[in-house]
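One structure below.
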Amino acid sequence: MNFSPRHHPQVLTALEIVRDRPASYRSTIRSIAMFTVTKCNEYGARFAIEHYTFDRETKRSDIISGIAKSIPDSATLISKAQPAGLREWRMAVHAGMPFSPSDLQLIRRLQSDLAIMPLQCREAALDETAAFYAIQRAGPGSSIRAKARRAADEAQVLWLTFLATCCRENDRTSLGSAYQAWRAIENARPLPF
């Protein structure tokens, strides 16, 4: 199969969802981060981050509804593809419970104009991207708290990996440069406390 790089979408949101255990009907969302890239002209872009944490009592439906409201209309949404939960599906069916739709399916129901792209990313590819841009990631075996703290960085790494692997060279160059300038300004800001 031939692959031809694509133009970067006009508006793209990278979504990171941190759960207290792998996605299943028994897991709860503990943190989310959305990194939105809006192309402004041929060589520029605006970047925005939303990052939230939740306690165990926060309803999944409220979180998903908030995500859907935060994503700009007609945007492209990228997120890590959830592994096929065959074991979880079998357990739910055996217990007589309906198998719950994925987070991305629920977001699609709430905002049908989104182009949703679940991405299958190797951890090594994400690690390489993070190292290239000097972004810290929560490592394997990290606590939920550490993963929640790094969710915004993880969303940026996901977008940068998408940019490097799926987009045309002129988008990689212009958006990558704009991102590095934005990140330098963000890192130079004083802490709010």
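In region 154-193, which residues are under 16 Å from Lys80 (Cβ atoms), touching a residue at least 40 places away in the same chain (Cβ under 8 Å) and not β-branched (Val, Ile, Thr)?
Glu154, Ala155, Gln156, Leu158, Trp159, Phe162, Leu163, Cys166
Does Arg137 qualify as being open to solvent by less than 70 Å² (accessible area, probe 1.4 Å), of a type in the set (D, E, K, R), assigned to a loop (DSSP other than H, G, I, E, B) and closer than 17 Å to Ala33 by Cβ?
In short, yes.
Can you tell me which condition Ala146 does not meet? The list is (1) in a helix (DSSP H, G or I); (2) open to solvent by less than 90 Å² (accessible area, probe 1.4 Å); (3) over 19 Å from Arg21 (Cα atoms); (4) free of Cβ contacts under 8 Å to residues at least 12 places away in the same chain, and all the others hold.
Looking at each condition in turn, Ala146 falls short on (3).
For Phe35, work out the one condition from (1) of a type outside the set (Lys, Arg); (2) surrounded by fewer than 16 Cβ atoms within 10 Å (Cβ to Cβ); (3) within 24 Å of Thr161 (Cβ to Cβ); (4) at pLDDT 95 or above it doesn't fulfil.
(2)
The values are calculated or read from the model by the stated rules, or taken from the named source; none is laboratory data. Since the model is a prediction, treat every value here as computed from it, not as a measurement. A quick note on method: Cβ atoms are made from the backbone with ideal geometry, for glycine too, and the neighbour counts reach across all protein chains shown. Quick note on the areas: whole protein, heavy atoms, side chains included, nothing else; ligands and nucleic acids left out. Shrake-Rupley method; radii C 1.70, N 1.55, O 1.52, S 1.80 Å.
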